[in-house]
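What follows is a single structure, written as structure tokens, with notes after it.
The values are calculated or read from the model by the stated rules, or taken from the named source; none is laboratory data. None of these values were measured; they are calculated from a predicted model. Cβ sites come from the backbone with ideal geometry, for glycine too, and all protein chains shown count toward neighbours. What goes into the accessible areas is simple: the full protein's heavy atoms, side chains included, and nothing from ligands, DNA or RNA. Shrake-Rupley method; radii C 1.70, N 1.55, O 1.52, S 1.80 Å.
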Amino acid sequence: MLTLPQTRRRWSLVVFILLGAVLQWRPTSVPPAWWQRGWPRQRVDSVAAAELLSQLAVVLMPKTPIEELVRSFPSPEGWSGNYLEPDLVAFGVLKDPDAALFVEYDGDVDHAKRESKTKDQKNQALLEYGPPGSCVLRINHRHSSPLKDQVLEIRVCPWQPRNTSSLQSALEDTLTQTFRALGQVLSPKAAKRLGRQANRSSVRLSAEAEKFVERTIALIKLLRPVTSRTPAMEWLSDLGLSKAQVLKTITRVPRILGCDVEKKLKPTAKWLLKMGLTRAQVAKVVAVFPSILDCSIEQNLEPTVQWLSNMGLTKTQVAKAIAVFPPILVSSIEQKLRPTVQWLLNMGLSKTQAARVIATQPRILGFSIEQSLRPTVRCFFEIGLSTDQVAKAIAVFPAILGYSIEQNLKPTIQWFCNMGLSKAQIAKVIATFPSILGLSINQNLKPTADWLSNMGLSKAQVAKVMATYPQAFGYSIQDNLKPTVQWFLNLGLSKTQISKVIAAKPQALGYSVQQNLKPTVQWLLDIGLGQDQVVKAIATCPQILGLNIEKNLKPKQALLEAAIEATDAADLISRFPQIFSYSYQRLSSRLRFLSEINETQMLASAMSYTEDGFSKRFHVREPMWWQRGWPRQRFGTVAEAALLSKLAEVLMPKKQKQELFRSFPSPDGLDEEYLEPDLVVYGLLKDPDAALFVEYDGDVDRAKRKSKTKDQKNQALLKYGPPGSCVLRISHTHSSPLKDQVLEIRVCPWQPRNTSSLQSTLSDTLTQTSQGLEQVLSSIVAKRLSRRASKLSMRLSRSVEKLGKAQIVERITSSSHKLGCNCKQNLKPIVQWLVDMGLTEQQVANVIAKFPRVLRFSIDQNLKPTVQWLLDIGLGQDQVVKAIVTYPRILCLSIEKNLKPKQTLLEAAIEATECADLISRFPRIFSYSYQRLSSRLRVLAERNETHRLPRLVYAMTCTEDGFKKHFEHSSG
């Protein structure tokens with residue numbers, strides 16, 4: 001039995017033998033990426049294989065050490081072994097210089113017994129790993145077959161071991177058959193080398209190959225005495241490693257033989273078990289990455305695990321990461337792990353997303369940023385993906401970072417182009433379904449495209465399916481697509497109808513027959529549709545198959561049956577199944593209106609109209625609640641008539657103003673004989689039948705005459721109006737946001753019979769109304785009110801822009817008693833203060849025109865504190881002036897209740913300097929509600945767009961629908 005010193009001397013000699021030739025090698029060209037992912041495995045399974053394959057290696061790649069051609073590679077998906085190990089591999093010998101030529105020797109009986117996979121399986125795994133154009137050459141002593149599916153088998157006569165003439169004959173036969181069979185795919189240089197050697201009268205054997213054989217024999221002899229004697233090897237076997245794995249482990253890390261089992265090996269295995277790995281996983285980790293047994297637990301393993309935990313990975317996720325990619329434990333935190341994570345964060349991923357990427361695909365931490373990650377991302381940018389889309393794709397499917405650009409990405413993208421997809425569509429496909437890049441062209445994409453074509457879809461329709469629903473190309477044809485189509489056929493649809501369904505709604509291919517399709521069809525049958533009607537409905541509107549029965553179909557069908565007969569409802573659904581694609585609110589309001597005018601038979605055509613089109617086509621008669629009222633021939637006050645009559649012209653320009661000042665029958669519970677809103681309109685809210693009641697609370701005398709409190713009247717008005725109605729209250733004292741369908745706004749008093757003053761108040765009223773009722777106003781009306789308010793504001797600015805400071809003071813002084821201001825104490829000092837702040841006379845005129853209430857504020861209690869606060873948060877003097885000129889209302893906003901809370905929100909999302917710049921350029925941001933600012937900042941932060949100030953400004957100015965369209969729903 002060998003002693004421990006003898007064992008160490010033997011393994012020192014092994015290392016010396018193996019490294020002798022490798023250290024002399026200098027690469028003559030840059031190897032392809034697939035080659036670089038492999039490593040020399042430092043062993044050949046038999047002397048016979050070493051004799052023939054070493055001579056063949058010299059002919060194929062004469063400038064590369066033979067040891068480099070005997071390589072192992074990472075195991076591809078579907079290959080159960082830890083590694084993929086061809087007997088010999090070369091590059092640069094085929095017409096595509098990056099393609100691989102894999103050589104397998106099947107002549108040795110022992111070799112065949114050791115193969116855990118059949119030849120066909122290994123052929124497939126080798127070709128899947130290699131780039132397109134690769135080939136497999138199999139050498140045996142029994143049979144041969146011509147080149148087929150990139151695989152060639154040749155038969156050579158056995159040779160006598162260590163017999164030069166016998167080996168020469170076998171090598172000559174191998175070269176001749178290889179040259180003849182692969183002549184069309186060999187590169188010119190390789191073909192010339194093989195042809196020259198094959199045509200010689202006597203093939204010359206390489207001395208370098210003979211040295212390789214000697215080293216192989218020496219290695220085999222050295223390994224045999226120790227394969228079953230050392231404690232380390234016995235412990236590895238007990239751990240669960242096979243005999244071949246034990247041999248491979250000690251070959252890769254010879255130092256293990258000298259490790260103390262009790263003090264070194266067992267503690268490491270115990271630590272891995274404690275981390276949550278199973279015993280089988282520990283055995284696999286050791287077999288795949290034996291170097292882990294040579295690492296310090298305290299200095300290497302535990303710090304890495306702690307770092308992963310700090311990243312946000314759970315203990316289970318850490319265990320999974322170690323089991324999948326054990327080299328993660330020995331990677332440098334500062335030089336490898338932290339820079340990779342920081343790169344992910346810089347790409348736009350959140351820390352949570354980065355942690356999920358590591359947990360899902362830990363191998364990413366082993367990729368080079370410069371040579372792998374950045375080039376892959378650059379490829380996506382070149383396709384047309386935005387930074388946000390790339391970040392989302394990585395977060396959803398991190399495996400894309402490991403795909404080869406040349407072998408995976410470019411061929412797949414080129415296939416998309418050949419299918420007819422535009423560059424923008426390809427970008428959308430990858431952003432929507434990034435895992436499509438991992439699908440094989442020959443095994444997944446092309447067969448699915450061919451199957452769709454056989455279903456009757458044109459090439460353009462197949463391209464459209466891919467562009468709109470790329471997930472379909474990830475489904476199994478046998479297990480998913482064909483059963484779904486067969487179900488449609490059994491239901492009664494023809495093949496032509498099915499092709500139209502797929503073209504119109506490819507998502508139907510992804511619906512579960514048991515959970516989606518059958519229940520929906522059964523529900524349609526249950527509500528009274530016949531089998532033929534169901535088929536017609538699906539063929540006309542396949543989208544119906546994706547709608548939720550409880551949340552969509554049933555509620556809308558109940559609406560229909562409440563308005564029309566059940567049989568008529570079933571007939572309508574069979575003829576116009578698109579009715580279920582409209583919102584419940586739209587269906588409800590239009591159905592109610594058509595019922596009132598006895599035109600429910602027009603429902604199908606009425607649903608397709610826009611809001612404006614529906615109003616023009618069907619609103620020839622007023623709603624029933626409106627018709628029950630009558631115009632009243634009196635107004636409360638002159639002030640009320642002045643403002644509300646102007647407001648009436650804007651709200652319903654095609655209606656006579658007198659019609660909008662109406663009285664209605666008193667509802668139950670109201671003591672008054674009539675219900676009299678100050679102003680009432682319809683057709684402005686999202687429900688066109690809903691009422692907007694306007695109440696003017698600004699006149700003190702009028703308030704005293706009221707017999708009911710505001711809350712009581714609000715309740716009575718909303719009770720009388722149809723669902724969805726609102727009350728707008730206008731006052732000069734306070735305001736409150738929309739709550740329980742009631743909005744209160746505060747406007748400045750205006751000078752009676754003064755056009756400019758009234759226009760200013762009207763502009764203010766329209767602005768606040770459009771903002772306060774944004775969620776309930778129809779989009780057309782909201783735009784109209786905003787547009788009218790802007791025009792009024794511009795008209796007022798032009799009317800005063802020519803006034804100088806003296807004229808401003810004179811003009812305001814002449815009417816100061818009407819504003820309740822003292823000229824000496826208030827007006828002149830404020831104008832002078834604005835000038836002293838740095839505003840020009842024209843800017844002062846614009847400020848007063850936009851916001852005359854500024855003249856009523858105290859310089860010391862209101863204006864100066866606000867300006868000082870703006871300076872304190874980082875605005876310069878010029879920026880403060882710009883903010884006041886742009887949005888003078890900022891001077892009247894409460895610092896504690898408005899400015900500070902919103903500024904805190906902004907600084908939590910963007911840098912303080914950017915925050916100050918934003919406020920100076922867009923001070924109107926303080927006019928939006930805290931809730932709106934908070935919610936939209938949160939959405940922008942998730943999209944990593946808060947640093948783009950123009951984007952932030954645009955987001956705040958969007959309506960709710962516009963914001964959802966451009967920001968919340970644009971990731972796809």
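So here's what we get for this one:
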{"quantity": "In region 907-941, GluC sites (Glu not before Pro) in a DSSP loop with at most 16 other beta-carbon atoms within 10 Å", "calculated": "911"}
{"quantity": "Accessible area per residue, Å², the chain with all protein chains present, probe 1.4 Å", "calculated": "48 Å²"}
{"quantity": "Three principal axis lengths of the chain [C-alpha, angstrom, descending]", "calculated": "124, 75, 54"}
{"quantity": "Rounded accessible area of residue 275 (nearest 10 Å², 1.4 Å probe)", "calculated": "30 Å²"}
{"quantity": "DSSP H segments from the chain that extend 30 Å or more along their own axis, Cα-based, with Kyte-Doolittle mean of -1.0 or above", "calculated": "779-800"}
{"quantity": "Mean Cα-pair separation over length for the chain, i.e. relative contact order, pairs under 8 Å, 6 or more apart, %", "calculated": "4 percent"}
{"quantity": "Set of region 893-924 residues, backbone N closer than 12 Å to the point 7 Å along the Cα-Cβ line of residue 949", "calculated": "911-923"}
{"quantity": "Extension reserve of the residue 441-residue 583 stretch, reckoned as 0.36 nm per residue once the Cα distance is removed", "calculated": "47.1 nm"}
{"quantity": "Gain in span if fully extended, residue 864 to residue 512, counting 0.36 nm per residue against the direct Cα distance", "calculated": "120.0 nm"}
{"quantity": "Heavy-atom accessible surface of region 226-359: percent carbon and sulfur, 1.4 Å", "calculated": "51 percent"}
{"quantity": "Furthest towards positive pole of dipole, 301, 368, 677, structure part the chain, Cβ charges", "calculated": "368"}
{"quantity": "Amide H contacts under 5 Å for residue 151, placed H, 5+ residues apart", "calculated": "136"}
{"quantity": "Residue 207-residue 417 pseudo-label distance in nm [points 7 Å out on the Cα-to-Cβ vector]", "calculated": "5.1 nm"}
{"quantity": "Potential lengthening between residue 120 and residue 351 on full extension [0.36 nm per residue; Cα-Cα distance subtracted]", "calculated": "78.7 nm"}
{"quantity": "Spatial separation of Cα centroids for region 447-490 and region 395-429, in angstrom", "calculated": "19 Å"}
{"quantity": "Inter-site label distance for residue 522 and residue 608 at 7 Å from Cα along Cβ, in nm", "calculated": "3.4 nm"}
{"quantity": "Region 571-593 versus region 275-309: alpha-carbon centroid distance in Å", "calculated": "62 Å"}
{"quantity": "Computed log₁₀ I(q)/I(0) - Debye formula, equal Cα scatterers, no solvent, region 913-963, q 0.15, 0.16, 0.28 Å⁻¹", "calculated": "-0.36, -0.41, -1.30"}
{"quantity": "Förster radius 25 Å - calculated FRET efficiency between residue 637 and residue 672, Cβ distance, rounded to 0.05", "calculated": "0.85"}
{"quantity": "320, 902, ranked by accessible area, largest first (probe 1.4 Å)", "calculated": "320, 902"}
{"quantity": "Accessible surface of residue 143 - all protein chains present, 1.4 Å probe, nearest 10 Å²", "calculated": "80 Å²"}
{"quantity": "Calculated [θ] (222 nm, deg cm²/dmol) that DSSP helices of n ≥ 4 give over the chain, each run adding -39,500 (n - 2.57)", "calculated": "-15000 deg cm²/dmol"}
{"quantity": "FRET E, pair residue 334, residue 709, Förster distance 60 Å, beta-carbon r, rounded to 0.05", "calculated": "0.30"}
{"quantity": "Fraction of the pair-distance distribution of region 381-512 above 18 Å, Cα-Cα pairs, percent", "calculated": "53 percent"}
{"quantity": "Inter-label distance for residue 598 and residue 755, nm, one decimal - labels placed 7 Å from Cα along Cα-to-Cβ", "calculated": "4.9 nm"}
{"quantity": "Apportionment of accessible area to carbon and sulfur, region 402-555, percent (1.4 Å)", "calculated": "48 percent"}
{"quantity": "Debye intensity ratio in log₁₀ form over the Cα atoms of region 207-346, taken at each q of 0.13, 0.16, 0.22 Å⁻¹", "calculated": "-0.64, -0.85, -1.31"}
{"quantity": "Solvent-accessible ranking of 655, 536, largest area first, probe 1.4 Å", "calculated": "536, 655"}
{"quantity": "Centre separation in Å (Cα based) which lies between region 135-184 and region 718-763", "calculated": "94 Å"}
{"quantity": "Area of residue 791 that stays accessible when all protein chains are in place (1.4 Å probe, Å², to 10)", "calculated": "120 Å²"}
{"quantity": "Accessible surface, 1.4 Å probe, highest first, among residues 142, 936, 204, 37", "calculated": "204, 142, 37, 936"}
{"quantity": "Carbon/sulfur fraction of accessible area - region 704-783, other protein chains in place, 1.4 Å, %", "calculated": "51 percent"}
